[in-house]
Amino acid sequence: MRILILLLCSLFVSYLPAQVDLGYQLPHKDILDLADADFAPRFRMNDEATAGVLMYRSNFKTIEELSEEELRLAGLRINPKTNISSRTRYYYKIEVLDVSSGKASSVSGLPANARMANFTWSPDQKSMAFTVTELEGVSIWVVNIESKAATKLTKANVNANLRGFMAWMKDGQSILYRKVDDSATLIDNASTIPTGPTISENAGKKAQNRTYQDLLKNKTDESNFQHLATASIWKVGLDGKEMKWMDEGMYSSTSVSPDGKYILIGQIRKPFSYIVPYYRFPSSYDIYDSNGKLVKEFVDIPLAEDVPKGFMSCIEGPRRMSWRADKPATLVWAEALDEGDAEKEVEYRDVIQQMAAPFNQAPSELLKTINRYQYIEWSTDEMAICHDYWWNTRNTKSYAFNPSDLSQKPKTLIDRNYQDNYNDPGSFVTKTNEFGKDVIDLKDGHVFMIGDGYSDAGVFPFVDKLNLETGETERLYQADEKDKLENIYYAVDLEKGDFVSMMQSPKEYPNFYIRNIKDRSLKAITSFENPYKAMENVHKEVINYKREDGLDLSATLYLPAGYDQKSKEKLPMLLWAYPREFKDKSTAGQITSSPNEFTYFWYGSPVFWVNRGYAVLDDAAFPIVGEGDEEPNDSFREQLVGNAKAAIDAVDDLGFIDRERVGVGGHSYGAFMTANLLSHSNLFAAGIARSGAYNRTLTPFGFQAEERNYWEAPNIYYEMSPFMHADKMKTPLLLIHGEADNNSGTYPMQSERYFNALKGLGATVRLVMLPKESHGYAARASVMHVLWEQDQWLEKYVKNKNKETEQKP
């Protein structure tokens, strides 16, 4: 009888149900309290640093909000009842801060339980517009900074489904906005009776596209997308009076010229596509005057399904249209000189063209770029700086040129590897010109630059003065705080030396200050409190170490509060990382972390577990390097394991951890990393993989930084796919995925199929699918449950690994 009972018990244990009936759980209090701590408000300050708006937002959405009706069409996720993105994060309270007094005042006139978003300054920064999502739709409101009063301008009939739905006019007294089209109704896909099959066809042209999600699938989707994208454009004044400005269309962008006399309008055209998102549908761009009268039909852009292969390939014809910030109304754009094909060898990749009002002359050439055009920063009639870049070589160039004298050859100011943080000269200091636009502040042939100041010694931001003629620089200011981190944002008054800075430390929440770079004085603007008092005694440091091939690596190490580093008690450790690709070892080994950076807590942070008695190694450097003709992924697995071993060795050499009790985790590409590490090494006790992709043959036309397709590099796709090596998995793995993941390549099927493979091969694995969640997790119920799942997994398979082993018969 005893033998029979034991057999029955063993059968019960061996055949647990495939699914676990479990509601949402809450994590341990040490984690819960940190996760629930209120965020400080976000702060939007005016250019003069005299006033700003404090915006308060909840840490999470509710699961009820995520469960509202949602249509997924052409790469968009729309709430069809309210006509705004169903994934919008809302603010529930705003205040106006007077910088001189430090006083924050409440805003009057707001509705109860307001759901606010889309904040945008008026051109004169006397007002700020925003949207309020009501039960039946979206309305536009404005808060007056001086009176601190909010006013509703429109009914709840705004169409906020596509970007650029709201634009201030130049006078700051009126706004162009899109109004919902009520002339059509949505079609219910589920109740529609098909009239025939859905057919796609290709006439021999290559169309190598990423695995986009939420695409159109049939004629019903097409009809619903057209309905939700269609709107009329209206002009509403700050007094609430409005007039129709333009008839119905599928408007995708609205850009007002610096002088306010012209508006560039983008519209989506047909035919739609079932393999690319809406922003690659056919489109047109036309110029109108401020009264809505057509001035010029500028360009028609065809459907972009068959762009040549390669990250640096692009469409032919005009692209990246924008207004010159230094002129009243001059349109600028780029056109490819290589037919948009990155594989073609040419002297110049792009030509930059311009056309001035009244737009009745032929375009004129400004300059040509060696790499792919990125953007232009304007300054004066005689000086502007153009930036380009080339992903394959990680090269970026910046050219100073004279827009008024094209006979002068552009001068290359910057020619560098954009991943080389140590030699980054910074960004140009700007000022506001007569049109209210940001332009480079040019003084006596000099420009000024704000740099991050990354170095082997730490992070020390700076302000430099650059002579455009000689190329010589003069250091005007460099931060020298040893126990704090400073970030310099922009100049308030360059003559006086006043800049907006942010100061922070591990115990001090980031706050804004006015930094005078001449006398080095500081004046506080905000005084946000640290919401994570429980973390104040946690030890934090950046450690440096080497990979076996000599590559320099770094990571941020956290040790529990009260941990005695001299006694060297052996702690369990959680390692968290995200692989990044580089084309040379010198940049791959650079340190961009600071021990003085404040530690934020968010749903994906591994640092929660330092409060559970773990050593945590966060943001561990996981460079994947491919120099010369070698691509980084040619040795992906070997470098991945080498990075992990070096990280564990470094902390083990300090004497702080039990290397038999180390867990590893990551999100998205970090999840892909985790699955590969568990499949191809014996370094870890358990792993956590969230929202990852595990079978690269399901992303056959490239993924992450891999531009080769599957048929060009089948061995790479096979070797890098954990799914193909599921039989090698001998380590407990927790898989977590949002059921509504819309990130390219990481659709939920990736985790579902990988789980089935691991289960079929007898691995220890758990799959948690989160209802309604996307690639990142938003609802409090979901986030708390994820933290609970991770905590349970780490406690069982990492912290108490030896106990589990001892209990086995």
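Compute the FRET efficiency between Asp341 and Thr592 as 1/(1 + (r/R0)^6), taking r as their Cβ-Cβ distance and R0 = 25 Å, and round to the nearest 0.05. Please report the intermediate quantities before stating the final value.
On the way: r = 34 Å, r/R0 = 1.35.
E between Asp341 and Thr592, to the nearest 0.05, is 0.15.
With the Cα gyration tensor of the range 407-496 giving a ≥ b ≥ c as the square roots of its eigenvalues, does the rule (a/c under 1.5 for rounded; else a/b larger than b/c for prolate; else oblate) give rounded, prolate or oblate? Could the numbers behind the result be given before it?
Details: a/c = 2.03, a/b = 1.31, b/c = 1.55.
Oblate, because a/c is 1.5 or more while a/b does not exceed b/c.
Okay, which of the range 532-546 sit inside 18 Å, backbone N to the point 7 Å along the Cα-Cβ direction of Tyr600?
532-533, 535
For Leu770, which sequence-distant residues (separation of 5 or more, or a different chain) have an amide H within less than 5 Å of its own amide H, given hydrogens modelled in the peptide plane?
The answer is His737, Gly738, Glu739.
Please calculate the 1.4 Å probe accessible area of Arg753, with all protein chains present, and give it to the nearest 10 Å².
130 Å²
Checking the a/c ratio against 1.5 first, then a/b against b/c, what shape does the Cα gyration tensor give for the range 436-475? Display every interim value, and only then the final one.
Details: a/c = 3.89, a/b = 1.56, b/c = 2.50.
The shape class here is oblate.
Considering only Ser668, Pro410, Leu110, whose Cα is most displaced toward the positive end of the charge dipole of the chain, charges sitting on Cβ of Lys, Arg (+1) and Asp, Glu (-1)?
Most positive-ward Cα: Leu110.
Let's test the formula: R0 of 51 Å, r as the Cβ-Cβ distance of Asn59 and Lys205. What FRET efficiency results, to the nearest 0.05? Could the numbers behind the result be given before it?
Numbers: r = 48 Å, r/R0 = 0.93.
With R0 = 51 Å, the Cβ-Cβ based efficiency is 0.60.
Using a/c under 1.5 as the rounded threshold, could you call the range 345-467 rounded, prolate or oblate? The axes a ≥ b ≥ c are square roots of the C-alpha gyration tensor eigenvalues, and prolate needs a/b larger than b/c, oblate otherwise.
Details: a/c = 2.36, a/b = 1.35, b/c = 1.75.
Here the range 345-467 falls in the oblate category.
Counting only C-alpha contacts under 8 Å and six or more residues apart, can you give the relative contact order of the chain as a whole percent? All intermediate terms of the calculation are to be shown ahead of the outcome.
Working: 1817 pairs, mean separation 68.4, N = 809.
Result for the chain is 8 percent.
At what distance in nm do the modelled label points of Lys645 and Lys523 sit from each other, each positioned 7 Å from its Cα along Cα→Cβ?
If labels sit at Lys645 and Lys523, their model points lie 5.8 nm apart.
Place a +1 charge on the Cβ of each Lys and Arg in the range 305-402 and a -1 charge on the Cβ of each Asp and Glu, then give the dipole magnitude about the Cα centre in debye, rounded to the nearest 20.
Numbers: 11 positive and 17 negative charges, 63 e Å.
Computed charge dipole of the range 305-402: roughly 300 debye.
I'd like to know which of Ile301, Phe598, Phe462 lies farthest towards the positive end of the charge dipole of the chain, counting +1 on Cβ of Lys and Arg and -1 on Cβ of Asp and Glu.
So the residue we want is Phe598.
Length gain on complete extension for the stretch Lys585 to Glu627, per 0.36 nm per residue less the alpha carbon to alpha carbon distance? Numbers along the way, then the final one.
Details: separation 42, 0.36 × 42 = 15.12 nm, distance 0.77 nm.
Extending this stretch completely gives an extra 14.3 nm.
Using alpha-carbon pairs under 8 Å, 6+ residues apart, how would you state the relative contact order of the range 300-360 in percent? Show your work: numbers first, answer last.
Numbers: 97 pairs, mean separation 18.5, N = 61.
For the range 300-360, the relative contact order is 30 percent.
Rounding to the nearest 20 debye, state how big the charge dipole of the chain is about its Cα centre with +1 on each Lys and Arg Cβ and -1 on each Asp and Glu Cβ. Kindly include the intermediate steps, with their values, before the conclusion.
Numbers: 93 positive and 113 negative charges, 409 e Å.
Approximately 1960 debye in magnitude.
I'd like the FRET efficiency for Lys482 and Tyr279, computed as 1/(1 + (r/R0)^6) with the beta carbon distance as r and R0 of 56 Å, rounded to 0.05. It would help to have the intermediate numbers written out before the result.
Values: r = 46 Å, r/R0 = 0.83.
In this case the efficiency is close to 0.75.
Can you grab the distance from the C-alpha centre of the range 731-773 to the C-alpha centre of the range 32-107, Å, no decimals?
Result: 31 Å between the Cα centres.
Give the long-range amide H neighbours of Leu366: residues separated by 5 or more places, or on another chain, with amide H under 5 Å away, using H modelled in the peptide plane at 1.01 Å from N.
Counting only residues 5 or more places away or on other chains, the set is Ile352, Gln353, Gln354.
Residues in the range 589-621 near a label at Lys568, defined as backbone nitrogen under 20 Å from the 7 Å Cα→Cβ point?
Answer for this model: 614-617.
How far is helix 669-680 tilted off the main Cα axis of the chain, in degrees rounded to 10, range 0 to 90?
Long axis of 669-680 versus the principal axis of the chain: about 30 degrees.
Return the whole-Å distance between the Cα centroid of the range 435-481 and the Cα centroid of the range 362-409.
With the range 435-481 and the range 362-409 each reduced to a Cα centre, they are spaced 20 Å.
Given H placed 1.01 Å from N in the peptide plane, which residues other than close sequence neighbours of Phe460 have an amide H under 5 Å from its amide H?
Counting only residues 5 or more places away or on other chains, the set is Tyr454, Ser455.
From largest accessible area down, sort Ser594, Ser85; use a 1.4 Å probe on the protein chains. Don't skip to the end; give the middle numbers.
Values: Ser594 10, Ser85 45 Å².
Listed by decreasing accessible area, they come as Ser85, Ser594.
Using the alpha-carbon atoms, what tilt in degrees (0 to 90, nearest 10) does helix 749-760 show relative to the longest principal axis of the chain?
10 degrees
What is the pair-distance distribution P(r) of the range 574-614, computed from all Cα-Cα distances in 5 Å bins starting at 0, with each bin given as a whole percent?
5, 15, 19, 24, 16, 13, 7, 2
Which one of Asn59, Ile517, Asn202 is farthest out on the positive end of the charge dipole of the chain, using unit charges on Cβ (Lys, Arg +1; Asp, Glu -1) and the Cα centre as origin?
Final value for the positive-end residue is Asn59.
Strictly over 24 Å apart at the Cα level, which of Lys540/Lys730; Lys540/Lys645; Lys170/Lys293; Lys81/Lys170; Lys235/Lys293; Lys482/Lys518 would you flag in this model? Display every interim value, and only then the final one.
On the way: Lys540/Lys730 33 Å; Lys540/Lys645 21 Å; Lys170/Lys293 17 Å; Lys81/Lys170 32 Å; Lys235/Lys293 14 Å; Lys482/Lys518 20 Å.
Distance filter (> 24 Å) returns Lys540/Lys730; Lys81/Lys170.
Per-residue counts of other Cβ atoms within 10 Å, averaged by peptide: what ranking do you get for 368-374, 565-571, 96-102, highest first? Walk me through the intermediate numbers first.
Working: 368-374: 19.6, 565-571: 12.4, 96-102: 15.0.
Highest-to-lowest ranking by the protection proxy: 368-374, 96-102, 565-571.
What is the list of residues in the range 221-243 whose amide nitrogen lies under 20 Å from a point 7 angstrom out from the Cα of Ala184, following Cα to Cβ?
Residues passing the 20 Å test: 221-234.
Using 24 Å as the Cα-Cα cut-off, could you pick out the over-long pairs in Lys431/Lys523; Lys205/Lys270; Lys103/Lys465; Lys126/Lys261?
Values: Lys431/Lys523 21 Å; Lys205/Lys270 20 Å; Lys103/Lys465 35 Å; Lys126/Lys261 21 Å.
Pairs exceeding the cut-off: Lys103/Lys465.
I'd like the distance separating the alpha-carbon centroids of the range 267-316 and the range 127-180, in whole Å.
Cα centroid of the range 267-316 versus Cα centroid of the range 127-180: 27 Å apart.
Give a residue-ordered list of calculated ³J(HN,Hα) values for the range 555-564 (Karplus: 6.51 cos²θ - 1.76 cosθ + 1.60, θ = phi - 60°; whole Hz; x for Gly, Pro).
6, 9, 9, 10, 10, x, 4, x, 5, 8
When averaged across all projection directions, what area in nm² does the alpha-carbon convex hull of the range 128-174 cover? Before the final figure, lay out each step's value.
Numbers: hull surface 14.7 nm².
Dividing the Cα hull surface by four gives the mean projection, 3.7 nm².
Which whole-Hz ³J(HN,Hα) couplings does the range 542-554 yield from phi under the Karplus relation 6.51 cos²θ - 1.76 cosθ + 1.60, θ = phi - 60°, glycine and proline marked x?
Values, residue by residue: 9, 9, 10, 7, 10, 7, 4, 8, x, 5, 6, 10, 8 Hz.
Under a plain spin-label model, where a point goes 7 Å from the Cα along Cα-to-Cβ, how far apart in nm are Tyr375 and Glu69?
Taking the two extended label points, one gets 3.8 nm.
On a 0 to 90 degree scale, rounded to 10, what angle separates helix 2-14 from the longest Cα axis of the chain?
That helix lies at roughly 10 degrees to the long axis.
I need the phi-derived Karplus couplings for the range 228-239: 6.51 cos²θ - 1.76 cosθ + 1.60, θ = phi - 60°, integer Hz, Gly and Pro marked x.
6, 8, 7, 7, 9, 9, 10, 10, 10, x, 5, 8
The values are calculated or read from the model by the stated rules, or taken from the named source; none is laboratory data. All values derive from a computational prediction rather than experimental measurement. Don't worry about glycine lacking a Cβ; one is built from the backbone with ideal geometry, like all the others, and counts go over all protein chains shown. Accessible surface areas use protein heavy atoms only, side chains included; no ligands, DNA or RNA. Shrake-Rupley method; radii C 1.70, N 1.55, O 1.52, S 1.80 Å.
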